[in-house]
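This report refers to the structure that appears directly beneath it.
The values are calculated or read from the model by the stated rules, or taken from the named source; none is laboratory data. Keep in mind that what you see is a predicted model, and the values were worked out from it rather than measured. Ideal geometry is used to build each Cβ from the backbone, glycine not excepted, and the neighbour counts take in all protein chains shown. For the accessible areas, the whole protein counts, side chains as well, though only heavy atoms, and no ligand, DNA or RNA atoms are used. Shrake-Rupley method; radii C 1.70, N 1.55, O 1.52, S 1.80 Å.
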Amino acid sequence: MLDFKEIISEKISQIVGVDSKEIKGYIEVPPDKNMGDYAFPCFRLAKSLKKAPPAIAEEIKEKLEFDKNLISKFDVQGGYLNFFVNSEALVKEVLGEINKFKENYGSSYIGQNKNIIVEYSSPNIAKPFHIGHLRNTIIGNCLYKVYKFLGYNVTGINHLGDYGTQFGKLIEGYKRWGDEYDISRDPINELTKIYIRINEACKEDEEVLEACRENFKKLEEGDDYCVELWNWFKKESLKEFQRIYDLLGVKFDSLNGESFYSDKMDEVVEILDKNKVTKMSQGAKIVDLEDKGLGVCIIRKSDNSSIYATRDLAAIKYRANTYDFDKCLYVVAYEQALHFKQIFEVAKYLEIPEKCVNGLEHVQYGMTRLSTGKMSTREGTAIKVNDLLEEAISRTTKIIEEKNPDMVDKEENAKKIGIGAIVFNNLSNTIIKDQVFDWDNVLSFQGDTGPYIQYVYVRTKGVLENVGDIPKFEDIDTSCLLDSSAVQVATTLYKFGDVLKSVTDKNEPSLLARYLLELAQDYTVFYNEDKVLVDDEKVKNARAFLTYCVQTVIKIGSSLLGMEMPTKM
Ligand code: ARG
């Protein structure tokens, strides 16, 4: 695709003798459209050229020359050079590209030969899949898909929490009271009850706690009874998780969770010992990170059992060997920031390639609160994600029943809208921010919501159905699309590929969600101002084709977010 930024930066580069890639990196999009499509901030060169930015701007301007069919105008404003892209060139280019690439518009090869691991979801077995894991799954799924679309070789890993002392506890609770609970009917809930009860017992009686620890040790040593129970817990949990993944349309390449590393930790501890980074403290083996302000990272507890961090270190070593990753992203709530700082620090001593050490990254996201108040597993006030998703669908069904009772594919559409609403809600703001969950906001057909995007999509569908066949690009007269609302739509369509790149640069899916809102809004303005179904065939065809382009990009972008499009609304 014609790269206007590149055209501008190459010209400036020739004039000032600075690498054009560097110049391109400085080019901005002005906050106000009237100031131009692109701006070059001359203060970036002030130091090396030893001149004031406005003087630099004037000097460059004197020497600049562009093909008017590409860059129609440029001017100086203070220390900035502003550029106006030729609208017709832009419209023609973007329509031609979408026509050419269709559902692959915006994809690229920039990720070729780069290995990326996205670790996401990672719920704990025998515990409820909570609303935080839902957000995690949605964020990770989006990053996974966008990296893939940009040509990266991506591996999606669900690092199941399927190991640790809590399983010693659960086994103990099951031994004591298993008969009292109807586990096969509702496994996770019943096991959670047992878990809460055994935790209470541990608090009261040190001997119970000791028995739990003993169980986990036995599990680590491969004791038949413990392993069998644990396998059963895991199987039942995975069944329940799978229902959620199916509803969301989420898949993983690997389900290697914590237990997978149970036989891979000794090696890691040996390497750390050999590199003299471990020491003993109160019977435990630790890495002291106090001098880096990161406290102490426990590697082995005093009974020699492993902990969460040990398993994560073994996972880093294993992933470096197996996937030779350039980036390993951990989508995990910000509460675990210290944990990841610690293991990333210790990873420096694991004898893995430098690029792997540098590629470790914690993608942090904020908490979700219900508008009705906080929730906790212990008090039993946490909503179950399965119920939440089902409720989203049933609420949507009710809305459809009221608004459009005769809709075809009612069930299928209710599912797409309900789930889409939840997905979009989780991605519509900067992911690090905490968010409040409120049904009315989530399901609204207006505002910053998934249903709004879907609504605009369905509108484009309706428009195109009325037009009949989508006109051929070759027959389109792009000069019919030069009014401001059409150009605005084209400008937004043009940005799509850049937005996807920025999603991966910042690991920030909300950039894509915000982009889709912008596109939907631009199209709504266009739709209201420029009626598509006019008598003039030339105008009608051009506007219909632009509508088709919007539909295509909304569909691609939404699918990358993890949101499907309904046929009707
Ligand atoms: N299972 C953990 C939890 O639910 C998250 C695991 C995060 N990933 C990791 N490699 N530590 O809190």
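Say a paramagnetic label sat at a point 7 Å from the Cα of residue 264, along Cα to Cβ; which residues of segment 138-165 have their backbone N under 20 Å from it?
Output list for this probe position: 153-165.
Suppose R0 equals 22 Å; then what is the FRET efficiency for residue 559 and residue 384 from their Cβ-Cβ distance, rounded to the nearest 0.05?
The computed FRET efficiency comes out at 0.25.
Please figure out what share of the DSSP beta bridges in segment 254-386 is antiparallel and state it in percent, rounded to the nearest 5.
Working: 10 of 16 bridges.
Percent antiparallel among DSSP bridges in segment 254-386 is about 60.
Mind pulling the angle between the C-alpha long axis of helix 165-177 and the longest principal axis of the chain? Nearest 10 degrees, somewhere in 0 to 90.
Taking Cα atoms only, the helix is inclined about 50 degrees.
Which residue, chosen from 277, 150, 211, occupies the Cα position most advanced towards the positive end of the dipole of segment 140-292, where the dipole is computed from +1 (Lys, Arg) and -1 (Asp, Glu) charges on Cβ about the Cα centre?
Selected residue: 150.
Just to be sure I understand the model, the point goes 7 Å from the Cα along the line to the Cβ. What's the resulting residue 52 to residue 432 distance in nm?
3.7
Assuming a ≥ b ≥ c are the square roots of the Cα gyration tensor eigenvalues, decide whether segment 1-94 counts as rounded (a/c under 1.5), prolate (otherwise, with a/b larger than b/c) or oblate. Please report the intermediate quantities before stating the final value.
Details: a/c = 1.89, a/b = 1.59, b/c = 1.19.
Prolate shape, in that a/c is at least 1.5 and a/b is the bigger ratio.
Indicate, rounded to the nearest 5 percent, the antiparallel portion of the DSSP beta bridges found entirely in the chain. Could you put the intermediate results ahead of the total?
Numbers: 21 of 41 bridges.
Of those bridges, close to 50 percent are antiparallel.
Considering only the other residues whose Cβ falls under 14 Å of the Cβ of residue 240, what net charge follows from Lys and Arg at +1 and Asp and Glu at -1?
0
Kirkwood hydrodynamic radius for segment 287-379: how many Å is it when counted over pairs of different Cα atoms? Walk me through the numbers before you get to the answer.
On the way: mean 1/r = 0.0670 Å⁻¹.
Hydrodynamic radius (Kirkwood, Cα pairs) of segment 287-379 is 14.9 Å.
Can you compute the FRET efficiency between residue 34 and residue 206 using 1/(1 + (r/R0)^6), with r the Cβ-Cβ distance and R0 = 51 Å? Round to the nearest 0.05. Spell out each step's value before the answer.
Working: r = 73 Å, r/R0 = 1.43.
The pair residue 34/residue 206 has a calculated efficiency of 0.10.
Write down Rg/Rh for the chain, rounded to two decimals, with Rg from the C-alpha atoms and Rh from the Kirkwood relation over Cα pairs. Numbers along the way, then the final one.
Numbers: Rg = 28.0 Å, Rh = 26.9 Å.
Using Cα coordinates only, the ratio equals 1.04.
Full-extension gain between residue 279 and residue 185, please, as 0.36 nm times their residue separation minus the C-alpha to C-alpha distance.
Values: separation 94, 0.36 × 94 = 33.84 nm, distance 4.75 nm.
Difference between extended and current length: 29.1 nm.
Just to confirm the filter: which GluC sites (Glu not before Pro) across segment 469-569 are DSSP coil and have at most 14 other Cβ within 10 angstrom of their Cβ? If you can, show how the numbers build up before the last one.
Numbers: sites: 474, 518, 529, 537, 564; in loops: 564.
Nothing satisfies the criteria.
If you stretched the chain out fully between residue 104 and residue 448, how much longer would it get, using 0.36 nm times the residue separation minus the C-alpha to C-alpha distance? Walk me through the numbers on the way to the answer.
On the way: separation 344, 0.36 × 344 = 123.84 nm, distance 2.56 nm.
Length difference between fully extended and current span is 121.3 nm.
How large is the Kirkwood hydrodynamic radius of segment 303-438, in angstrom, based on all distinct alpha carbon pairs?
Values: mean 1/r = 0.0543 Å⁻¹.
Across segment 303-438, the inverse of the average 1/r is 18.4 Å.
Run the simple label-point estimate for residue 308 and residue 321 please: 7 Å along Cα→C-beta, distance reported in nm.
2.5
Report, to the nearest 10°, how far helix 337-346 tilts away from the longest principal axis of the Cα atoms in the chain, using its own Cα long axis and a range of 0 to 90°.
80
Measure off 7 Å from each Cα along the Cα-to-Cβ vector at residue 61 and residue 466, then give the distance between these two points in nanometres to one decimal.
4.6
Just the accessible area per residue of segment 271-344, please: how many Å² with a 1.4 Å probe? Please report the intermediate quantities before stating the final value.
Values: 3260 Å² over 74 residues.
Per residue, segment 271-344 has an accessible area of 44 Å².
Helix 537-561: angle to the longest alpha-carbon principal axis of the chain, degrees 0 to 90, nearest 10?
Orientation of helix 537-561: about 20 degrees from the principal axis.
Using θ = phi - 60° and the Karplus form 6.51 cos²θ - 1.76 cosθ + 1.60, what ³J(HN,Hα) does each residue of segment 230-243 get, whole Hz, x for Gly and Pro?
4, 4, 5, 3, 5, 4, 5, 5, 4, 4, 5, 4, 4, 4
If each residue of separation counts as 0.36 nm, what is the full-extension length gain between residue 242 and residue 477 once their alpha-carbon separation is subtracted? Working shown, then result.
Working: separation 235, 0.36 × 235 = 84.60 nm, distance 4.98 nm.
Full-extension gain reported as 79.6 nm.
Over segment 436-556, what per residue volume does the convex hull of the Cα atoms give, in whole Å³? Each step should come with its number before you reach the end.
On the way: hull volume 13.3 nm³, N = 121.
Considering the Cα atoms of segment 436-556, their hull volume per residue is 110 Å³.
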